[in-house]
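J.: Here it is: the structure, laid out below.
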Amino acid sequence: MTLRASKPAFNVREKLTELGRRFGLKGSELAAAETVQDARNIISAGRKNLIINGDMRLAQRATSATASNDTYNTVDRFNTWINYNSGTHLMSQENDAPPGFSKSVKYTSSATGAVYHIFQQNIEANNLGHINAGTNDALPLTMSFWVKSNRPSTYNFEIINDAGSHHIVKQYTIKQSGVWEHKVIHIPPQTVGGAMTVDDTTGYNLYWFLGGNSSYNGTALTDNWASYSTPRRNEGGNATLDSGEYWMITGIQLEVGNNATDFEHRSYGEELALCQRYFQKKKIGYGRVAHFRTSGIMVFAVDLPVTMRGTSANSITQDTGLTQWAFRDGVSPTISSIQTNNSSYDGSTLSLLYSVSSGGTADETCFYYGGGSLLIDAEL
């Protein structure tokens, strides 16, 4: 007996189309990827955020302060350039944030007549070597962030290269008052301006402009990198934050590629260590063994949790909790002040020199308690 089996015909093209629908847009792109690198670029695999403290969780210095010019006032890694004809701006770390975030930074204005107002992060060139900036092999970048303001308008965002010779100015628009909005800015490859010097100095300056007067009015925006222009702050038009207005930001991510992917949430400990490369608030503690180099100079060493940037600090100071105390063989030497110009660090070891008013003896040791905290600044 002969058995015959038949199977209905099917349309191969139709089945492939259905398969594509199951994959979704990114799945189809991933299936079509020709190399492993193509696949990694599509899904943005691996560590990606070039911004430190982009979710504004770390604020070693303070959670609220009057914004001052060229100063790191509150949240780590972000400083302010500010000059208004009258009034001030309060910079603060806030608990108000969009879903997925717990903190943000806020500028609240009681000022008028902006000469300039800039929110800034400088990225160390050591963290940018892989983007090949300033060469024909340069990679595109994508900037994304959440922003909220009661001043809906168009604002400028700028990146300046390490040589300060070229920049790009892009814009984003806040559409509604008092609503968190997600913004995405595409940055084309920086193929001009010369190859970036990859070291521990600034690789990119990132500027969010919140104001600038007519002396900074520029030309129309371009979509590419151009020679640096000083009157850039209002290039293409830019809003100015005035009295009674505020501006908030969080969830800042700068990543390689043409896609804005989900924010990279790093652990608190890891983010703190990244911030401490540039600034540390280190408690001195009790019972440190110190050494009198001379009768008027006391020296002791402090181990730092991470290696700080560079080979010397911008400044080493002590906060207002300072209460100097030392003891040596029944004598209480009088410790007057830290010698900020002579104190320094090498790797993760900090050497501190203090002036001694009385009670010091050369080559003797003592126990020292400084109270408060050391403030070690190695910011770009």
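The values are calculated or read from the model by the stated rules, or taken from the named source; none is laboratory data. Every value quoted in this text rests on a predicted model; they were computed, and no experiment measured them. Don't worry about glycine lacking a Cβ; one is built from the backbone with ideal geometry, like all the others, and counts go over all protein chains shown. To get the accessible areas, we keep the full protein, side chains included, count just its heavy atoms, and leave off ligands, DNA and RNA. Shrake-Rupley method; radii C 1.70, N 1.55, O 1.52, S 1.80 Å.
J.: Among the residues of the range 99-131, write down those that are within 20 Å of Ser64 (Cα to Cα) and more than 14 Å from the chain's Cα centre (by Cα).
T.: Going through the range 99-131, the residues within 20 Å of Ser64 (Cα to Cα) turn out to be 101-111, 117-121.
Within the range 99-131, Phe101, Ser102, Lys103, Lys106, Tyr107, Thr108, Ser109, Ser110, Ala111, His117 meet the criteria.
J.: Moving on. For residues that are open to solvent by 50 Å² or more (accessible area, probe 1.4 Å) and in contact with a Lys or Arg (Cβ under 9 Å, 6 or more places away or on another chain), tally how many sit in the range 92-105.
T.: So in the range 92-105, the residues open to solvent by 50 Å² or more (accessible area, probe 1.4 Å) come out as 94-96, 99-100, 102-103.
With in contact with a Lys or Arg (Cβ under 9 Å, 6 or more places away or on another chain) added as a condition, the list becomes 94-96, 102-103.
Qualifying residue count, the range 92-105: 5.
J.: Same structure, new question: For residues in the range 185-219 being among the small types (Gly, Ala, Ser) and touching a strand residue (DSSP E or B) at 6+ places or on another chain (Cβ under 7 Å), which is surrounded by the most Cβ atoms within 10 Å (Cβ to Cβ)? Can you show your working first?
T.: Keep residues of the range 185-219 that are among the small types (Gly, Ala, Ser), which gives 193-195, 203, 211-212, 214-215, 218.
Filter once more, so that each one left must be touching a strand residue (DSSP E or B) at 6+ places or on another chain (Cβ under 7 Å): 193, 203, 211-212.
Working: Gly193: 22, Gly203: 23, Gly211: 28, Gly212: 24.
Only one residue fits best here, namely Gly211.
J.: Please pick out the residue among Ala125, Ala138 that is closer than 18 Å to Asn49 by Cα, in contact with an Asp or Glu (Cβ under 9 Å, 6 or more places away or on another chain) and modelled with pLDDT of 95 or more.
T.: Numbers: Ala138 fails: in contact with an Asp or Glu (Cβ under 9 Å, 6 or more places away or on another chain).
Only one candidate passes the filter, namely Ala125.
J.: If a residue counts only when it is touching a residue at least 40 places away in the same chain (Cβ under 8 Å), which strands (runs of 3 or more DSSP E) contained entirely in the range 281-350 have at least 2 such residues? Write out each step before concluding.
T.: Values: elements: 288-294, 297-303, 315-318, 325-327, 334-338, 344-346.
Because the criterion is at least 2 residues that are touching a residue at least 40 places away in the same chain (Cβ under 8 Å), the strands (runs of 3 or more DSSP E) in the range 281-350 that meet it are 288-294, 297-303, 315-318, 325-327.
J.: Which residue pairs have Cβ atoms under 8 Å apart, sit 6 or more places apart or on different chains, and have a first residue in the range 147-173 that is more than 20 Å from Asn224 (Cβ to Cβ) and at pLDDT 95 or above and a second that is crowded, with 19+ Cβ neighbours inside 10 Å and of a type in the set (Asp, Glu)?
T.: Listed by first residue and then by second, the contacts come to Ser149/Glu245; Asn150/Glu245; Arg151/Glu245.
J.: Right, next: Inside the range 69-91, can you point out the residues that are of a type in the set (S, T, N, Q) and either farther than 13 Å from Ser109 by Cα or buried (at least 21 other Cβ atoms within 10 Å of the Cβ) (or both)? Show your work before the answer.
T.: Initially, the range 69-91 is screened for residues of a type in the set (S, T, N, Q), giving 69, 71, 73-74, 79-80, 83, 85-86, 88.
Residues satisfying the conditions are Asn69, Thr71, Asn73, Thr74, Asn79, Thr80.
J.: Out of the residues in the range 206-255 meeting the condition of being in contact with a helix residue (DSSP H, G or I) (Cβ under 7 Å, 6 or more places away or on another chain) and either modelled with pLDDT of 95 or more or not basic (Lys, Arg) (or both), tell me which one is farthest from Thr74 (Cα to Cα).
T.: Checking each candidate, the answer is Pro231.
J.: Counting only residues that are loosely packed, with under 14 Cβ neighbours inside 10 Å and of a type in the set (Val, Ile, Thr), how many does the range 310-330 have?
T.: 3
J.: Tell me which residues, restricted to the range 288-309, are open to solvent by less than 40 Å² (accessible area, probe 1.4 Å) and farther than 16 Å from Thr334 by Cα.
T.: Across the range 288-309, the qualifying residues are Val302, Leu304, Val306, Met308, Arg309.
J.: Where in the range 60-100 are there strands (runs of 3 or more DSSP E), lying fully within it, with 3 or more residues that are among the polar types (S, T, N, Q)? Walk me through how you get there before you give the answer.
T.: Working: elements: 64-66, 79-86, 89-94.
Result: 79-86.
J.: Can you tell me which residues in the range 151-180 are open to solvent by less than 20 Å² (accessible area, probe 1.4 Å), outside any loop (DSSP other than H, G, I, E, B) and not polar (S, T, N, Q)?
T.: Initial filter on the range 151-180 (open to solvent by less than 20 Å² (accessible area, probe 1.4 Å)): 155-161, 167-169, 172, 174.
Within this subset, residues satisfying the condition of being outside any loop (DSSP other than H, G, I, E, B) are 155-160, 167-169, 172.
Those that are open to solvent by less than 20 Å² (accessible area, probe 1.4 Å), outside any loop (DSSP other than H, G, I, E, B) and not polar (S, T, N, Q): Tyr155, Phe157, Glu158, Ile159, Ile160, His167, Ile168, Val169, Tyr172.
J.: Same structure again: Evaluate the following for Thr222: is it under 28 Å from Ile51 (Cβ atoms) and either assigned to a loop (DSSP other than H, G, I, E, B) or open to solvent by less than 30 Å² (accessible area, probe 1.4 Å) (or both)?
T.: Details: under 28 Å from Ile51 (Cβ atoms): yes; either assigned to a loop (DSSP other than H, G, I, E, B) or open to solvent by less than 30 Å² (accessible area, probe 1.4 Å) (or both): yes.
Judged against the criteria, Thr222 is a match.
J.: I would also like to ask the following. Looking at (1) open to solvent by less than 10 Å² (accessible area, probe 1.4 Å); (2) under 29 Å from Val198 (Cα atoms), which is the only condition Gly347 fails?
T.: Among (1) open to solvent by less than 10 Å² (accessible area, probe 1.4 Å); (2) under 29 Å from Val198 (Cα atoms), the lone unmet condition for Gly347 is (1).
J.: Looking at the range 358-371, is at least one residue at pLDDT below 95, open to solvent by less than 40 Å² (accessible area, probe 1.4 Å) and closer than 30 Å to Gly54 by Cβ?
T.: The answer is no; no qualifying residue exists.
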